[in-house]
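Below is one structure, written out as structure tokens; comments come after it.
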Amino acid sequence: MKMYIDPTDDGFSAQLKNFSEKLPTYATTLGLPDADVQGVKKDSALVTYVLGGMYAYRSTAQNYTAYKDLLRYGGDGTLGALPVAPTLPTPAPTITSANVQARFAALIQKCMLSPNFTEAIGQDLGVLAGNAPFNPQDGKPTFKIEFSSGGHPNLIWKKGKFQGVEIHKSLDGVNFTRLDKDFSPDFIDKTDLPDAGKSAVWYYKMIYLYKDEIVGNWSDVVNVTVTG
């Protein structure tokens, strides 16, 4: 049996949360002290909190960029209020120490060295290679934009085990509306381009579809300048 640690931030956070919530059930069987159980629980809480804060600040940065673009390139419309910086939940979790992943790997190894460790336990804790379950709710699309031969934005995304994506579009980086669904990468936005000699900034984001339902997390916003 070989351990598995999810390489993505969202996946690692979800894996750590699952492990920390289920570990108390097996602590006595595996001979783990309470310090190990409480330690991984605190690490999980801090990872979840910091990751959430990162996404909140990233969203604010994207909103500021969109606001700047609207300020510089937008039409004659009135600007709204400046984007507001996020307020993170309080109180913040206990600050542990750096290198949570190394501590997590060491604790997994400690579990696996127990004579009472079984494959079933490893699967339930979500730490065995080849047995990591596919959880649609952990999905977060990533994509980049190139141009088609006609100058239209071509959204290049990866399908994986998902059914497809729902794509939303904004002309100001703030107000998004549903553009389309796509079930086979890649997606070309065939919306009419600006008039000849003019340009505009278009913003896109997407979220996965699985069994005809929206699942997981929104992608980061990606923008592109189109010209007529």
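The values are calculated or read from the model by the stated rules, or taken from the named source; none is laboratory data. This structure is a prediction, so every number in the text was calculated from the model and none was measured. Here the Cβ positions follow ideal geometry from the backbone for every residue, glycine too, while neighbour counts run over all protein chains shown.
Table: residues versus (1) among the small types (G, A, S); (2) surrounded by 16 or more Cβ atoms within 10 Å (Cβ to Cβ).
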| residue | (1), (2) |
| --- | --- |
| G11 | yes, yes |
| K17 | no, yes |
| Y26 | no, yes |
| T29 | no, no |
| S59 | yes, no |
| T65 | no, yes |
| L82 | no, no |
| A85 | yes, no |
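Among the residues here, Y73 qualifies as touching a residue at least 60 places away in the same chain (Cβ under 8 Å) and of a type in the set (S, T, Y).
For the structure I just gave you, tell me whether L107 is in contact (Cβ under 8 Å) with a residue 60 or more places away in the chain, under 23 Å from V37 (Cβ atoms) and either polar (S, T, N, Q) or touching a Phe, Trp or Tyr at 6+ places or on another chain (Cβ under 6 Å) (or both). Judged against the criteria, L107 is not a match.
Mind checking whether some residue in segment 118-134 is loosely packed, with under 14 Cβ neighbours inside 10 Å, in a helix (DSSP H, G or I), in contact (Cβ under 8 Å) with a residue 12 or more places away in the chain and under 23 Å from the mean Cα position of the chain (by Cα)? Looking for residues that are loosely packed, with under 14 Cβ neighbours inside 10 Å, in a helix (DSSP H, G or I), in contact (Cβ under 8 Å) with a residue 12 or more places away in the chain and under 23 Å from the mean Cα position of the chain (by Cα), one finds none in segment 118-134, hence no.
Residues being in contact (Cβ under 8 Å) with a residue 60 or more places away in the chain, in contact with a strand residue (DSSP E or B) (Cβ under 7 Å, 6 or more places away or on another chain) and over 19 Å from I156 (Cα atoms): count how many of those fall in segment 170-193. Show your work before the answer.
Step one: list which residues in segment 170-193 are in contact (Cβ under 8 Å) with a residue 60 or more places away in the chain, which gives 170, 172-174.
Now restrict to residues that are in contact with a strand residue (DSSP E or B) (Cβ under 7 Å, 6 or more places away or on another chain): 170, 173.
Filter again for over 19 Å from I156 (Cα atoms), leaving 173.
Of the residues in segment 170-193, 1 are in contact (Cβ under 8 Å) with a residue 60 or more places away in the chain, in contact with a strand residue (DSSP E or B) (Cβ under 7 Å, 6 or more places away or on another chain) and over 19 Å from I156 (Cα atoms).
Within the set V100, V127, V37, the sole residue that is farther than 30 Å from D172 by Cβ and either touching a Phe, Trp or Tyr at 6+ places or on another chain (Cβ under 7 Å) or assigned by TED's automatic domain parsing to the domain that holds A200 (or both) turns out to be V127.
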